[in-house]
2 protein chains.
Amino acid sequence: MANRRPRIAVDAMGGDFGPHVVIPGALHAAKTKKIDIVLVGDQPRIEAELNARGFKGQGVEIVHAPQMVEMEEKPSEALRKKKDSSIQVAVNLVRDKQADGVISAGNSGATLASAMFTIGRVPGVERPALATFMPTEKSHFVLIDVGANVDCKPFHLLQFGIMADVLARSMLGIANPRVALLSIGEEQGKGNLQVKEAFELMRMSSLNFMGNVEGRDLFTGDVDVVVCDGFVGNVVLKQSEGLASSLGRLLKGELRRGFFGKIGTMLALSSLKRFSRLVDYAEYGGAPFLGLEGICLVCHGASNSKAIANAVNMAARFVDGNANEHLVKDIAANINLTVARKKSRHSEPAGSIEPAGAQEAAVPDQTP
Amino acid sequence: MANRRPRIAVDAMGGDFGPHVVIPGALHAAKTKKIDIVLVGDQPRIEAELNARGFKGQGVEIVHAPQMVEMEEKPSEALRKKKDSSIQVAVNLVRDKQADGVISAGNSGATLASAMFTIGRVPGVERPALATFMPTEKSHFVLIDVGANVDCKPFHLLQFGIMADVLARSMLGIANPRVALLSIGEEQGKGNLQVKEAFELMRMSSLNFMGNVEGRDLFTGDVDVVVCDGFVGNVVLKQSEGLASSLGRLLKGELRRGFFGKIGTMLALSSLKRFSRLVDYAEYGGAPFLGLEGICLVCHGASNSKAIANAVNMAARFVDGNANEHLVKDIAANINLTVARKKSRHSEPAGSIEPAGAQEAAVPDQTP
């Protein structure tokens, strides 16, 4: 795989703006990088778009897909009823080894579901997980899982950590990523039952495990990977977006009321905008769905051409860096931890072990 | 209780600034409101503080406590070793019906633990929970639980909702609070197993249940109560603080680099400061620990006298409004939901039911 150019399937129909925005983005990536692109979607529309841009055809192929999943369509129905959608056909290319990865700015639920059921998992990975890049005061960190797995066992969290560690190496170029567990206190022993056991597993693993990180320290830039279950991660991701938006609206209200003077508020807004843009994964190209035999990137519906180009580049970099080979190796290196836990009584799902007195034990050292 | 003045025990030794700040705050509340105060702590120091202020003695009593819990002390040890600490003695007054409520700006973990093990629970309440007021674009909402219960069953979430509903009525003066469940999608059926079942319970309850709310909509002001388990709530609370602090530091950095001009940055900072102050529960006086036979308020260590006065007033208002009587009634009105669930197979702890295919079922309609 390292000997040939990465080949990325692009859902040409996806996103709020469709082929008009997706195709220029993909072409940009094809032109500036050593990447082969497969544009998947309505062939006449794709050809028209290519012709309109005077495209000559090198490094870009078209695969026809007659159907399209709407943004508001229910993913489970799309999966069942639209077997020839651009998303599904693009995902099939990865399954059939005709592409190394797939990106879509279309219906993200449908993309995840389609990838989940179509593309095989990397050997040893139990649960593919969705990662995203979040801003810090210094740079970024990888947050995993942000919504693919809402009910997790502790060893799933370990595997999420391993997957995000590989991502941070290949994407952020960090040699030895600092991996932390999201909890409600820094010391070992803080957290719910799921996190307490995951702490032990991560401590014993090959990861550069830093221990727990609290919500208030997420953005200081002291860790590179933060692990949590998909419920917590999705809340964290959306809360960041929500807080930034609400702050923006409050500032705009103050602008209207003349509270600050126009200039002060404009300046504050511009600063906030820069931060909230960092929160938006469109700026990184997309959110990688990790653990599959091939890379799948979910882009924001509002992605512009630059975001699409970034996503294609990110997928290609993941392939070029043989990230999945590292993943197989790292999962295997820690398989004793997961196998043992799957069999032990501690392998109960998150939060299920609740011995008498667990509640009592939890309170005394709580410092909210 | 409604016929006499509320009587609030105040840990006079608590907080980063001790009696010097706590006592003036308590006196202020005693003076301006119809509240009796019991100052608990080192009697000579309390008397000296009162004398220095020329205090005449009406409505204020002193109860001596020879020990004091340090801010960094381990709560479980404090509980075991310091039976005569100001926190414990103040809490004992509530247990012995010599006070209606207790507030402390001291070691919050020790305060919670002490209250938890000393004061009885309101009939029907399984798990006392810690609530806090969070800012929105319009006003505030109550977030519950923010850290007292990290592993919860669905019916615990229902009870948290009932407790916070009573709080929103008595403290925010809302006649029919809009109660929502924190989840990762608005539609019923989104969320983890814990939340999905809690949704059903809340829908069947006497609450004005609005359904799920997502992290991104927390701050818009469209709901009055948001319910989640203490792990998620603590992450949400601390993340809000962390994001506000990080934005502040980023802005200060830009000030140093002259990015905005000094005035623009100062203005942006002042706006941010106002928002992050809203996040800080010191501004509301304290975080109420609900479900006990008496009210317990945990104040921020950095509380100033105004915050202490606010906390005393909040505790008194809770007592004056007979909030716990409402609580008993509302818990009883919904007891069939909790009793049934405690006995049913669905009463397994959070996230423990994981039928084959649960993961598969979760993915298709995920839209992160």
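The values are calculated or read from the model by the stated rules, or taken from the named source; none is laboratory data. Small disclaimer: the values here were computed from a predicted structure and weren't measured. Backbone-built Cβ (ideal geometry, glycine too); neighbour counts: all protein chains shown. We work out accessible area using only protein heavy atoms, side chains counted, and drop any ligands, DNA or RNA first. Shrake-Rupley method; radii C 1.70, N 1.55, O 1.52, S 1.80 Å.
Which of the following residues is more than 14 Å from every other protein chain (Cβ to nearest Cβ), β-branched (Val, Ile, Thr), in contact with a strand residue (DSSP E or B) (Cβ under 9 Å, 6 or more places away or on another chain) and more than 28 Å from A:His20 (Cβ to Cβ): A:Val166, A:Val146?
Values: A:Val146 fails: more than 14 Å from every other protein chain (Cβ to nearest Cβ).
So the residue among A:Val166, A:Val146 that is more than 14 Å from every other protein chain (Cβ to nearest Cβ), β-branched (Val, Ile, Thr), in contact with a strand residue (DSSP E or B) (Cβ under 9 Å, 6 or more places away or on another chain) and more than 28 Å from A:His20 (Cβ to Cβ) is A:Val166.
Could you check how many residues of the range B:151-202 are in contact with a helix residue (DSSP H, G or I) (Cβ under 6 Å, 6 or more places away or on another chain), open to solvent by less than 10 Å² (accessible area, probe 1.4 Å) and assigned to a loop (DSSP other than H, G, I, E, B)?
Looking only at that region, the number is 2.
Among the listed residues A:Gln88, A:Gln58, identify the single one that is among the polar types (S, T, N, Q) and open to solvent by 30 Å² or more (accessible area, probe 1.4 Å).
Numbers: A:Gln88 fails: open to solvent by 30 Å² or more (accessible area, probe 1.4 Å).
Answer to the check: A:Gln58.
Show the residue pairs that are 6+ apart or on different chains and have beta-carbon atoms under 9 Å apart, the first residue being within the range A:160-172 and assigned by TED's automatic domain parsing to the domain that holds A:Thr338, the second being assigned to a helix (DSSP H, G or I) and hydroxyl-bearing (Ser, Thr, Tyr).
Partner pairs satisfying both residue conditions: A:Met171/A:Tyr284.
Yes or no: A:Ser270 modelled with pLDDT of 60 or more, within 11 Å of chain B (Cβ to nearest Cβ) and surrounded by fewer than 21 Cβ atoms within 10 Å (Cβ to Cβ)?
The answer is yes for A:Ser270.
Does the range A:358-367 contain at least one residue that is at pLDDT 85 or above and assigned to a helix (DSSP H, G or I)?
Residues of the range A:358-367 at pLDDT 85 or above: none.
No, the range A:358-367 has no match at all.
Restricting to the range A:203-216, give me the number of residues that are more than 8 Å from every other protein chain (Cβ to nearest Cβ) and open to solvent by less than 50 Å² (accessible area, probe 1.4 Å). Even if it seems obvious, please write down each step before you answer.
Residues of the range A:203-216 more than 8 Å from every other protein chain (Cβ to nearest Cβ): A:203-213.
Adding the requirement that they be open to solvent by less than 50 Å² (accessible area, probe 1.4 Å) leaves A:205, A:207-209, A:211-213.
Of the residues in the range A:203-216, 7 are more than 8 Å from every other protein chain (Cβ to nearest Cβ) and open to solvent by less than 50 Å² (accessible area, probe 1.4 Å).
May I ask you to verify whether A:Val232 is modelled with pLDDT of 95 or more, within 19 Å of the chain's Cα centre (by Cα), within 7 Å of another protein chain (Cβ to nearest Cβ) and surrounded by 19 or more Cβ atoms within 10 Å (Cβ to Cβ)? It would help to see each step written out before you state the result.
Working: modelled with pLDDT of 95 or more: yes; within 19 Å of the chain's Cα centre (by Cα): yes; within 7 Å of another protein chain (Cβ to nearest Cβ): yes; surrounded by 19 or more Cβ atoms within 10 Å (Cβ to Cβ): yes.
Judged against the criteria, A:Val232 is a match.
Under the condition of being over 27 Å from the mean Cα position of the chain (by Cα) and small (Gly, Ala, Ser), which residue from the range A:52-69 is modelled with the lowest pLDDT?
Across the range A:52-69, the extreme among qualifying residues is A:Gly57.
Return yes or no: is A:Ile62 under 30 Å from B:Gly191 (Cα atoms), part of a strand (DSSP E or B) and touching a Leu at 6+ places or on another chain (Cβ under 6 Å)? First the steps, then the outcome.
Numbers: under 30 Å from B:Gly191 (Cα atoms): no; part of a strand (DSSP E or B): yes; touching a Leu at 6+ places or on another chain (Cβ under 6 Å): yes.
Judged against the criteria, A:Ile62 is not a match.
Output the residue which, of all residues in the range B:91-140 that are among the charged types (D, E, K, R) and within 14 Å of another protein chain (Cβ to nearest Cβ), is nearest to the chain's Cα centre (by Cα).
Residues of the range B:91-140 among the charged types (D, E, K, R): B:95-97, B:100, B:121, B:126-127, B:137-138.
With the extra rule that they be within 14 Å of another protein chain (Cβ to nearest Cβ), the set shrinks to B:121, B:126-127, B:137-138.
Details: B:Arg121: 16, B:Glu126: 17, B:Arg127: 14, B:Glu137: 20, B:Lys138: 20 Å.
That would be B:Arg127.
Which of (1) aromatic (Phe, Trp, Tyr); (2) within 12 Å of chain B (Cβ to nearest Cβ); (3) under 26 Å from A:Ala333 (Cα atoms) is the odd one out, the single condition A:Phe219 does not satisfy?
(3)
Does A:Lys238 satisfy the condition of being modelled with pLDDT of 90 or more, surrounded by fewer than 24 Cβ atoms within 10 Å (Cβ to Cβ) and within 12 Å of chain B (Cβ to nearest Cβ)? Explain how you work it out, then say what you get.
Values: modelled with pLDDT of 90 or more: yes; surrounded by fewer than 24 Cβ atoms within 10 Å (Cβ to Cβ): yes; within 12 Å of chain B (Cβ to nearest Cβ): yes.
Here the answer is yes, as A:Lys238 does meet what is asked.
Name, by its number, the condition in (1) open to solvent by less than 20 Å² (accessible area, probe 1.4 Å); (2) more than 8 Å from every other protein chain (Cβ to nearest Cβ); (3) at pLDDT below 90 that does not hold for A:Ile308.
(3) is the only condition that A:Ile308 fails.
One line per residue, one yes/no per condition, for (1) outside the structural domain of A:Phe199 (by TED's automatic domain parsing); (2) over 20 Å from A:Cys296 (Cβ atoms); (3) modelled with pLDDT of 95 or more:
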| residue | (1), (2), (3) |
| --- | --- |
| A:Gly124 | yes, no, no |
| A:Ile144 | no, no, yes |
| A:Gly147 | no, no, no |
| A:Val150 | no, no, no |
| A:Leu158 | no, yes, yes |
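Read through the list (1) farther than 28 Å from B:Ile295 by Cβ; (2) assigned to a strand (DSSP E or B), then give the number of the only condition that B:Met134 fails.
Failed condition: (1).
Working only within the range A:34-92, note down all residues that are in contact with a Pro (Cβ under 6 Å, 6 or more places away or on another chain) and of a type in the set (Asp, Glu).
Scanning the range A:34-92 gives A:Glu49, A:Asp84.
Against the conditions (1) more than 21 Å from A:Ile144 (Cβ to Cβ); (2) at pLDDT below 75, where does A:Gly351 fall short? Just the number, please.
All conditions are met except number (1).
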